[in-house]
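Have a look at the structure below, then the notes.
The values are calculated or read from the model by the stated rules, or taken from the named source; none is laboratory data. All values reported here derive from a predicted model rather than from experimental measurement. As a convention, Cβ positions derive from the backbone with ideal geometry for all residues, glycine included, and neighbour counts pool all protein chains shown.
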Amino acid sequence: MFPRAPSYTPKVLGIAALALLMLIPLLLVQGLVAERASLRDAAVSQIASRWGEAQTLGGPLLALTYTQRWKTEQGWVERQNTRVLLPAQMDVNARLRTSTRAYGIYATPVYTAGVSLRAGFDVDEQAELRQLLADGARLELRLPLTDPRGLREVRQVTVNGQTRRLQPGAPTAGFATLALTLDAALLQQPIAVELDFDLAGTERLQFLPLGRTTNLALAADWGDPSFTGAFLPVRHDIKPKEFQASWQVLELNRGFGQSWDENDPNGQHVAAAAFGVTLYQPASVYQQNERASKYGVLFIALTFVAFFLFEVLRQLRVHPVQYLLIGVALCTFYLLLLALSEQIGFGAAYALASAAVALLIGGYAAAVLATRRAGLLLGGSLALVYGLLYGLVVSEQYSLLIGAFALLAVVALLMYLTRRVDWYGERAAAAPADAS
């Protein structure tokens, strides 16, 4: 009686265990990607601290600081309060001139925005401020913004046609301000304000809809805008190297009214209404590296399966240590990709890293399997797999769809190639018995 041929099950389980073991270096690579991304964020913060933070700009508002007095059982109590009034109409035209600033090997887009701002206050709405006028009251015009250090040049500041000069002001609605003192007599007539200035910032520019009607026209020499914040543009035109967009926001669209006291919670809703644009960088180097590493176990498993198929179909033997070396080489791809992409960009880095690993594993396969054809076939298959992975990484909209169909095709191919494999070894054991 002949012995039964050995089952492939232990080998399959061992290969699966090795594939899972490769999770350890892949997780280490993902941790390194996160660490390098945090270093990049720190570099961007350094650039922003010198050039200008991501800016949020509001329109001019009126702030009347006055003294409140009321009587209690202990006597008269006084407290200073500030009443804020927003403009009835605000029109903003801004054009961004963009460039890139680097800190070491890390770079980020920055801009200088030429801003033209026109605002008008309603004389009837100014009546509530007139009612609060008393001795010692101070009327100011304030311009909220995130980082006054980004202010480059102030070309024009006029109030009712009179040239004025801005000074640092008191914080309002959670923002720093530039301010100028106004004569309280101006409250008897409509107030019109015009400002023209340059404002520098990093990556993002947003605006606060402080007018009863706020109109914004924004343009930039940047081809990848990401419209962010509480409102999307009503019109936009995006070209490869520039874009234009316009917004219109009404008082009814936002979460705060035309006037409030500074100690009221109403002003806390102002920041949430900001809208504008981020100078988007499609799938940054670290996002792409992270996406690639997430598919690591899948492609290691597919490569192991390819070696196993050669082992089964060609009646060859591959040692577990050789599988382990192949897995380590595949993990090295992600480390090499990260290191190169920081220096030469993701596309070129991907081509070099994938070519190096495909040649390495193809040559190793030719030696291990003792056939040059097997090495060429496995190296070519690996190059095809890396091409598929690149498509998954760079395709933000359709990566799931591409991945699903590709995985289905791979499973179908494996089922076809192994449809006649004798997994239990029963036919091999039965053949000698029949011959006897």
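Can you name the residue in the stretch 339-368 that is among the hydrophobic types (A, V, I, L, M, F, W, C) and either touching a Gly at 6+ places or on another chain (Cβ under 7 Å) or outside the structural domain of Pro320 (by TED's automatic domain parsing) (or both) and, of all such residues, is surrounded by the most Cβ atoms within 10 Å (Cβ to Cβ)? Top of the filtered list is Ala365. Mind telling me which of the residues Arg164, Arg130, Arg97 ends up being in contact (Cβ under 8 Å) with a residue 12 or more places away in the chain, closer than 23 Å to Trp51 by Cβ and of a type outside the set (Val, Ile, Thr)? Going through Arg164, Arg130, Arg97 in turn, the sole match is Arg97.
The set of residues from the stretch 104-126 being over 25 Å from the mean Cα position of the chain (by Cα), outside any strand (DSSP E or B) and touching a residue at least 24 places away in the same chain (Cβ under 8 Å) comprises Asp122, Val123, Glu125, Gln126.
Within the span defined as the stretch 267-277, every residue fails to be farther than 30 Å from Leu13 by Cβ, part of a strand (DSSP E or B), polar (S, T, N, Q) and outside the structural domain of Ala34 (by TED's automatic domain parsing). Tell me, please, whether a residue that is surrounded by 20 or more Cβ atoms within 10 Å (Cβ to Cβ), assigned by TED's automatic domain parsing to the domain that holds Gly327 and within 30 Å of Ala102 (Cα to Cα) can be found in the stretch 369-390. The answer is yes; a qualifying residue exists. Against the definition (assigned to a strand (DSSP E or B) and modelled with pLDDT of 85 or more), how does Thr67 come out, yes or no? So Thr67 does not fit the description; no. Given the structure, is Thr146 assigned by TED's automatic domain parsing to the domain that holds Tyr66, closer than 21 Å to Gln268 by Cβ and crowded, with 20+ Cβ neighbours inside 10 Å? Judged against the criteria, Thr146 is a match. Checked against (1) exposed (fewer than 12 other Cβ atoms within 10 Å of the Cβ); (2) modelled with pLDDT under 75; (3) closer than 30 Å to Leu359 by Cβ, Leu408 passes all but condition (2).
Pairs linking a residue in the stretch 276-304 that is farther than 17 Å from Ala349 by Cα to a residue that is β-branched (Val, Ile, Thr), with Cβ atoms under 6 Å and 6 or more positions apart or on different chains, are Thr278/Thr228; Phe299/Val385; Phe304/Ile15. Considering each residue of the stretch 294-311 in turn, at least one proves to be closer than 30 Å to Gly223 by Cα and either within 21 Å of the chain's Cα centre (by Cα) or outside any helix (DSSP H, G or I) (or both).
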